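Asker: This is the structure I want to talk about, given as structure tokens.
The values are calculated or read from the model by the stated rules, or taken from the named source; none is laboratory data. Everything numeric in this text was worked out from a predicted model, so none of it was measured. Neighbour counts are summed over all protein chains in view; Cβ atoms, including those assigned to glycine, are modelled from backbone coordinates with ideal geometry. Calculation scope for accessible area: heavy atoms of the full protein, side chains included, ligands and nucleic acids excluded. Shrake-Rupley method; radii C 1.70, N 1.55, O 1.52, S 1.80 Å.
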Amino acid sequence: MHVPAVENAHNTKHAGIENEHTSALARIGSLNISSKYMFLPNFNAINYYTYDGHISLTYDNGPAPMGVSDIGIENSSGKLVPYSVNTTDVMGFLDLNSTRVFYPYDDQPNSFAVQLNSVLHNVDLFGNSSYSFWTQNVVIYSTRKHQLTFIDNVWNFSSPAFNMTPNALHGSGKLVRYVYYYDVGPTMNVSFPFELKLYLNSSLRNGNDAVYFNYSVLSGNVHRSGSYDTVFFNSSGTAKVPASFMISGYSPTMSGLLYDSEMAITGPGGGSNVDVYSINGTMGLYLYNSTLSSFQAVRSAYDAGVDTGETSYGVDVGWVGHTAVLQAGPSLVYGLWNVSNAMEILSGKVPDQSYVFVSPGAQFSNSTASWAPVNGSAFRFLLPEGAYSIAIFKNLYEPEYIDDISDTVDGIQTAKTGRIYAPIFISNSSDAAYYSIKGNGTTANPFIISLNQNISIIPAFGVLNDFLFPAFSGITILDTAFHLDIENVSSFQITYGQQYRSELSNRGLSNTNWMGIVLYGTSNVSIVNSPNITGWFPETMKGFIVANLMIWNSSNDLIAGNVFYSLHLYSGDLQPPYYSSIFIYGENSSDENNTVWGNYFPDQYLSENGNGTVGLFVDSSGNMIYNNAFTEYDIAYSPDFNVYTGLNATYHDSWNLSAVEPINYTIIVNGFDLKGSVVNGGYEGGNYWGSPFITAPWNETGYIQSGYDYYPLVYFVYTLSFTVHGLPAGTSWEIAADGVYYESSGSSINVTEYNFGNTTYAVFLPPGYTTDYSGYAYSFTNRTVVNIYAKHLMTYGIIFYATNYIGNETWYVDVAGSIYSSTSRELIVDLPNGTYSYSVFAPPNNYTAVSGYVTVNGSSSIVNVTFPEQLYKVVISETGLPAGSSWYVVIDGRSYYSNEGSISILLPAGHYVAQFSSVPGYKTSSQYLSFNVTGQPVQVIEKYMPTQNYDYYLGAGIVIGAMITAFVFYIDRRRS
């Protein structure tokens, strides 16, 4: 009989508790502490009460803290019933023969944590023994360095606020005021296989509660043990009996989390995840029995913790007796001994390059399925008896779904489609050859992968942990040295499943994302000509450095001719500098020799939090970075420290060629000819930095802390042509381009822009016509054409009737983007159905404007207009600008534009302030001028003066962008 891991519990979350948790997370987010020292509670899974008289699990599927836990629930005659246990000592045991892990989105991609966590109950503080604290004895193990480091944490579980007062406890470590306590223990070299025992021991010391964090490590013939920290609680010296570690299935702690003990494989801190590709070991969880004076295995067990925030994915937990068996497989959450009655073996074979997902139940479900890593083509999973379904995903072939499987499964080779719908993972030449259209990986004949398609990944891969760390990247290339070119990469779009919708919505995040690219330990990889590399990360990943393209400990790679769009507009998005478009990391002592050339970083926006974007984050040496285009809000950043160790570092990168070179100057990288200018200038040198007025040497106003661009690229002027289709000949129409209005009765309007024009524009057509063509015009070459297509609509005559009109005076109506005039009481405008705002203006010395709304609904109508007060002419003039320069002035919240020397407007009597625009290359003598209108015409004059200084971040009128559809420079593979 198979007892469900989670019954249909109706968990109740109290709003007050959720608010307290939000406050606790906000305090944590404000800390300047490395995430690797903080092992978070599972704040996002607060089960305040129960099902059928007992608590329920906080995880219902992986990623989860996979291992062994005792939550105080056991199977009694096919029914789950609660129990409670108290003990002064908890031990976790791990016998690990081998494991292979990789996760790119934390600061230790080849590391995982082992956590022994338990809730200490009835802790005495100041003579009150009603407190509960969550104690964590943790090791982080690096499979790359074969090093093991001890860390402990203590959190206050006595209330939903998780508030750790400064006088609550002390130990050898650090108490972070109002948040938590931690200590970093010893680091030791430990190779596979090894045995690890972690202990939590509760005792009394001089009348104060105390917890000892002890360990034992056996590797080969070397045995090491000890206690690396003791935490003393402020019991005022009056505690009579030691606090106990409590396990209870009846009710949760006052924090909303559970009384349990757990031993788990997780990500290395900060709420992170780790993907486990292979693991071979056993694990146990033991409580001290004072009657028997020995440790005894826990009474019942589940295969995942409940209070731990960090997770793992790809760990399959079986059991023999009271010992858990760890191997690669699906991270499904279920009961082990004394919860599930028996275990079964699910085995089979699948085609190479396949992903396997296992779903509980007789029909496969993306929302409950779990990834099961397969090493080779054969698999063998240990699962509780029950019904399961399986999915086999192999790119270029149809997915295969096998429902209600038997004990043995053999996948078939389905029909070939050529479609990419799953992440691409390349760790050997066979993987590369599978996806390549040609090549064998040599210098002369590289593997070539061309992804010239819009890629949508199936929802099964849209896996997030409780802190929204994604389980998968779009493309991962791991530890390769052969030559590999990847062309035309569009970021892999993923739509998250229904199980994540509420959490994403609560955090202001979209259900849709784009999966990133990871190069780790690679050489000779080229990512080229990709028009849309993008994606967002959640703010819950703050403290970890992530990017849309991550390049870790890699050399001789080429990133060329790509467009990177950042996504960080909203408060729920991870903000710079934690998030960037490209992140390059390497050891300070080594030169990576990567080349970043001809890429566009077109972001123009500040986020809700006022942050710009880091387009390129460089934390390594020996890279050549030139002929890229950044905007004023999408910058390059290279600090003077190692972002992972915090140690000082001086990086040596080249941000320009060694000299200014002609436009046809060519260097060859990975077989690609690199030549030309990203801004169509007349020379090659450094990078374009978002302004035509940058002067050498340039270091991004200090953001590049080691090195300069000595030959920055400059600007030129070009014409952008807007062409309308579908209007009758001679019809007047308008556009607003970067805030300046242009009108024409011909088919085209030409606008003069600086190079790299990411021009914001809006189209205004006469009534009866509409268009969807407004937004951004990406261009960089002269005479780039933006086509606008007009649609004709049925119109109705709307009569504007001036009730107090004075004869022979011209008055005007501004409606639906056009201005109409009349010298009589009536003015007729033809409008299609819809609701329109309108403004009515009178001539000088007559009446001020009135405004309102008119709704057109299938017939003509009359709008009565009454002019309320007298107007006076105000002439705003400028001096000092070249003839034809565009400028504008803001008065009373309204902008007035001109490319002539003066602007005439009508204003009623009153006091006004004129705010004058900045103009590239010129500054105003006084940006603000005040004046009074008192019944006579008024003249206001502003003087512009030339300047060579340019305010990098506030220069008005310079809008920088990127070209998607074509390049003026080019990348050619040189052929013999």
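Asker: Could you figure out which of (1) within 29 Å of Val101 (Cα to Cα); (2) touching a Ser or Thr at 6+ places or on another chain (Cβ under 7 Å) isn't true of Tyr259?
Answerer: Condition not satisfied by Tyr259: (1).
Asker: With the condition being of a type outside the set (Ser, Thr, Tyr), I'd like the strands (runs of 3 or more DSSP E) fully within the range 298-365 carrying at least 2 qualifying residues.
Answerer: Because the criterion is at least 2 residues that are of a type outside the set (Ser, Thr, Tyr), the strands (runs of 3 or more DSSP E) in the range 298-365 that meet it are 302-304, 315-320, 323-328, 343-349, 355-360.
Asker: Being more than 42 Å from the chain's Cα centre (by Cα) and open to solvent by 90 Å² or more (accessible area, probe 1.4 Å) is the filter; apply it to the range 938-955 and report the residue that is modelled with the lowest pLDDT.
Answerer: Filtering first and then ranking leaves Pro946.
Asker: Something else now. Can you find even one residue in the range 552-566 that is in contact (Cβ under 8 Å) with a residue 40 or more places away in the chain and either under 11 Å from the mean Cα position of the chain (by Cα) or under 16 Å from Phe467 (Cα atoms) (or both)?
Answerer: Yes, there is a match, as at least one residue in the range 552-566 is in contact (Cβ under 8 Å) with a residue 40 or more places away in the chain and either under 11 Å from the mean Cα position of the chain (by Cα) or under 16 Å from Phe467 (Cα atoms) (or both).
Asker: For residues that are touching a residue at least 60 places away in the same chain (Cβ under 8 Å) and over 13 Å from Ser331 (Cβ atoms), scanning just the range 359-368, find the one that is surrounded by the fewest Cβ atoms within 10 Å (Cβ to Cβ).
Answerer: Per the stated criteria, the residue is Ser367.
Asker: Give the residue that is farthest from Ser917 (Cα to Cα), with candidates limited to residues of the range 847-885 that are of a type in the set (A, V, I, L, M, F, W, C), in a strand (DSSP E or B) and modelled with pLDDT of 85 or more.
Answerer: That would be Ile862.
Asker: Which residues, counting only those in the range 369-387, are assigned to a strand (DSSP E or B) and open to solvent by 40 Å² or more (accessible area, probe 1.4 Å)?
Answerer: Across the range 369-387, the qualifying residues are Ala378, Arg380.
Asker: Give the residue that is farthest from the chain's Cα centre (by Cα), with candidates limited to residues of the range 281-307 that are farther than 17 Å from Asn341 by Cα and of a type in the set (Ser, Thr, Tyr).
Answerer: Ranking the candidates gives Thr291 first.
Asker: Answer with yes or no whether Val356 is surrounded by fewer than 22 Cβ atoms within 10 Å (Cβ to Cβ), among the hydrophobic types (A, V, I, L, M, F, W, C) and not assigned by the TED database to the domain that holds Tyr434.
Answerer: no
Asker: Moving to a separate point now. Quick one: count up the residues across the range 56-90 that are open to solvent by 20 Å² or more (accessible area, probe 1.4 Å) and not in a loop (DSSP other than H, G, I, E, B).
Answerer: 10
Asker: Is there any pair linking a residue in the range 526-546 that is within 13 Å of Pro576 (Cβ to Cβ) to one that is small (Gly, Ala, Ser) and assigned to a loop (DSSP other than H, G, I, E, B), with Cβ under 6 Å and at least six apart or on different chains, and which?
Answerer: Here the result reads Glu539/Gly572, each pair linking the range 526-546 to a residue that is small (Gly, Ala, Ser) and assigned to a loop (DSSP other than H, G, I, E, B).
Asker: Only residues in the range 921-945 that are closer than 26 Å to Thr695 by Cα and in contact (Cβ under 8 Å) with a residue 60 or more places away in the chain count as the first member; pair them with residues that are among the aromatic types (Phe, Trp, Tyr) and in a loop (DSSP other than H, G, I, E, B), Cβ under 9 angstrom, at least 6 apart or cross-chain, and list the lot.
Answerer: Gly921/Phe693; Gly921/Tyr950
Asker: Still on this structure, please answer the following. Taking the conditions exactly as written (touching a residue at least 24 places away in the same chain (Cβ under 8 Å), in contact with a strand residue (DSSP E or B) (Cβ under 9 Å, 6 or more places away or on another chain) and either under 22 Å from Ala560 (Cα atoms) or of a type in the set (Ser, Thr, Tyr) (or both)), does Ser490 satisfy them or not?
Answerer: So Ser490 passes the test.
Asker: Can you name every residue in the range 388-411 that is in a loop (DSSP other than H, G, I, E, B) and either in contact with a Lys or Arg (Cβ under 7 Å, 6 or more places away or on another chain) or without any contact (Cβ under 8 Å) to a residue 40 or more places away in the chain (or both)?
Answerer: Once the filter is applied, which keeps residues that are in a loop (DSSP other than H, G, I, E, B) and either in contact with a Lys or Arg (Cβ under 7 Å, 6 or more places away or on another chain) or without any contact (Cβ under 8 Å) to a residue 40 or more places away in the chain (or both), the range 388-411 yields Leu396, Glu398, Ser406, Gly411.
Asker: Checking Thr266 against (1) hydroxyl-bearing (Ser, Thr, Tyr); (2) modelled with pLDDT of 95 or more; (3) open to solvent by 60 Å² or more (accessible area, probe 1.4 Å), which single condition isn't satisfied?
Answerer: (3)
Asker: What residue, among those in the range 656-682 that are of a type in the set (Val, Ile, Thr) and assigned to a loop (DSSP other than H, G, I, E, B), is farthest from Pro446 (Cα to Cα)?
Answerer: Val660
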